[in-house]
Amino acid sequence: MGVNSICRLAVGVLVLSAACVNFAKADDEASDVFVLTSANFDTFFEENPIALVEFYAPWCGHCKNLAPHYEEAATRLKKAGSIPLAKVDAVAEPDLAQKYDVRGYPTLKLFSHGKPLDYTGGRTADLIVEWVESSTGPAVEIIDESAVATPEKGVMFVARVKAEDSAAFKLYSEVAESLRMSAKFVAVVDAAAKDELTVYRPDEDSTSTKITSDSDKLRDWIEEEKFPFFGPIDGENYSAYETRKQEVVWFAGTEDDFKTHSKEFREAAKSFREDYSFVWLDTGRFSSHAESGLGLTTLPGVVLRLREGGRFVFPEGKKYVAKELTAFFNDVKTGKVEKSLKSEPIPETNDEAVKVVVGKNFEDLVFQDDKDVMLEVYAPWCGHCKRLEPIYTEFAEKLAPYKHVVIAKMDGTANEPPTADFNFRGFPTIFWIKAGEKKPEQYNDARTLEGLLKFVKENASKNVDIEIEASEEGDKDEL
């Protein structure tokens, strides 16, 4: 799903040594941020095993906002004898940006002995320093029992072990090292301890497991329990939820809505631990995503959005109580509820050359056993779409005699396809669906009458014997 409203940072790190003075400093000699290029990047890594690197664009507003915080963090970490912070102009160094999969700005990566790791911290100096210190120090912190407390945010795992040199502590430390970016790991050493691991999450009861010799079992337990039964989703944890096997149930509402209904959602979520992740989207921060990303037109609202495509919307009028929520999602699991596709009404007549597709008739018109279909997904406000419209209409009229080819269009702002294969991020997006198939091919050739006709003639499952005349090149750029 496109989640433009939820921004994410990705970060990497390298270690500071005396040799760093040979590298250029950012902006001026007073800066503690090192400037890396393709010419000195590898050398910097050779001399500094760990460092935090920001990939930025000079025109990027978010990068400009981050700059003073990044500079302050670099100075504080330098004084503390920690790792160095560096930056790369990704526009001037496209090869480095491509090599490290930089897709947006700013992207930060923690490079540890040549391996880039995602940065999952915040964008203030305090949060950058906090993240670096927690990411480069010991994976497990030894604390007193009196210091154990449920965190206000995030999750904390507490191992109660007999000794630091015990097998249980060593196993826990090894697993924590591999998962250190996902939670806080601490240990209480007590000769009377039972070698147990307990997880603490805000507003939820703690739960424990025995630390055995099975590291895979312990890792799996931590991976599962690091997620709350019900909690907020934002840029810091979005990717973790999206890569989890469970589908995501979204409750979109204000902070007051969350406080009012969290107990009921948390209770309902306990019945679906293996099936769904229940999350709260703060509409005070991400209101546009509730509508454009989740298709919710009434707030607060609840929706299960499937990764393969399609949604199940909790009915308006039903109360947000555990009993109602549990009953609805049980019905979803057992196939008793139909998908809630965003859709305009099916047209009463649909006999124009360009057929109108909406969510409710998508499968009937687009997936046909004996007909190829070309589908344009457009937006009413899109200038490129408006320029394409007369060309697309003439194209459809010329193909009207060929009954085995259907030319269609769909308003992508008011309708959604039933599968995720139709992924459109700009308008217009044109898909080609061969007869008897459901996976589309995206059309990327010229948006001209000649280009469209040529494509159909070459790709139709049955013969399209049509004469093609040269035409002017259309507008191929997308919004």
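Computed values, structure above
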| read-out | value |
| --- | --- |
| The range 101-119, residues that are under 24 Å from residue 234 (Cβ atoms) and out of contact with any Asp or Glu (no Cβ under 6 Å at 6 or more places or on another chain) | 101, 102, 103, 104, 105, 107, 109, 110, 116, 117, 118, 119 |
| Residue tally, condition in contact with a strand residue (DSSP E or B) (Cβ under 8 Å, 6 or more places away or on another chain), crowded, with 16+ Cβ neighbours inside 10 Å and modelled with pLDDT of 95 or more, over the range 255-292 | 18 |
| Residue in the range 376-385 that is farther than 26 Å from residue 342 by Cβ and surrounded by 14 or more Cβ atoms within 10 Å (Cβ to Cβ) present | no |
| Condition broken by residue 248, with the remaining ones in (1) modelled with pLDDT of 95 or more; (2) closer than 30 Å to residue 299 by Cβ; (3) surrounded by fewer than 17 Cβ atoms within 10 Å (Cβ to Cβ) satisfied | (3) |
| Qualifying residue in the range 384-394 (condition: touching an Asp or Glu at 6+ places or on another chain (Cβ under 6 Å), over 30 Å from residue 306 (Cα atoms) and of a type in the set (D, E, K, R)) | yes |
| In the range 166-187, residue farthest from residue 132 (Cα to Cα) [restricted to those that are in contact (Cβ under 8 Å) with a residue 12 or more places away in the chain and of a type in the set (Lys, Arg)] | 184 |
| Count of residues meeting criterion [without any contact (Cβ under 8 Å) to a residue 60 or more places away in the chain and either outside any loop (DSSP other than H, G, I, E, B) or surrounded by 12 or more Cβ atoms within 10 Å (Cβ to Cβ) (or both)] in the range 150-165 | 11 |
| Residues of the range 381-425 that turn out to be polar (S, T, N, Q) and assigned to a helix (DSSP H, G or I), as a count | 1 |
| The range 420-432, residues that are of a type outside the set (Phe, Trp, Tyr), crowded, with 18+ Cβ neighbours inside 10 Å and over 15 Å from residue 389 (Cα atoms) | none |
| Residues that are over 23 Å from residue 292 (Cα atoms) and of a type in the set (Lys, Arg), drawn from the range 402-438 | 403, 434, 438 |
| Test: residue in the range 198-221 that is in a loop (DSSP other than H, G, I, E, B), more than 30 Å from residue 316 (Cα to Cα) and within 18 Å of the chain's Cα centre (by Cα) | no |
| Verdict on residue 161 being among the aliphatic types (A, V, I, L, M), farther than 21 Å from residue 58 by Cα, at pLDDT 95 or above and in contact with a helix residue (DSSP H, G or I) (Cβ under 9 Å, 6 or more places away or on another chain) | yes |
| Enumerated helices (runs of 4 or more DSSP H) restricted to the range 51-149, each holding at least 1 residues that are among the β-branched types (Val, Ile, Thr) and modelled with pLDDT of 95 or more | 61-79 |
| Residue in the range 243-257 that is without any contact (Cβ under 8 Å) to a residue 24 or more places away in the chain and within 18 Å of residue 232 (Cβ to Cβ) present | yes |
| Residue that is surrounded by the most Cβ atoms within 10 Å (Cβ to Cβ), among those in the range 222-245 that are of a type in the set (A, V, I, L, M, F, W, C) and within 30 Å of residue 316 (Cα to Cα) | 230 |
| Yes/no for residue 195 being of a type outside the set (Ser, Thr, Tyr), without any contact (Cβ under 8 Å) to a residue 40 or more places away in the chain and over 22 Å from residue 314 (Cβ atoms) | yes |
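The values are calculated or read from the model by the stated rules, or taken from the named source; none is laboratory data. Because the structure is predicted, anything quoted here is derived from the model rather than measured. All Cβ positions, even for glycine, are placed from backbone atoms using ideal geometry, and neighbour counts span all protein chains on display.
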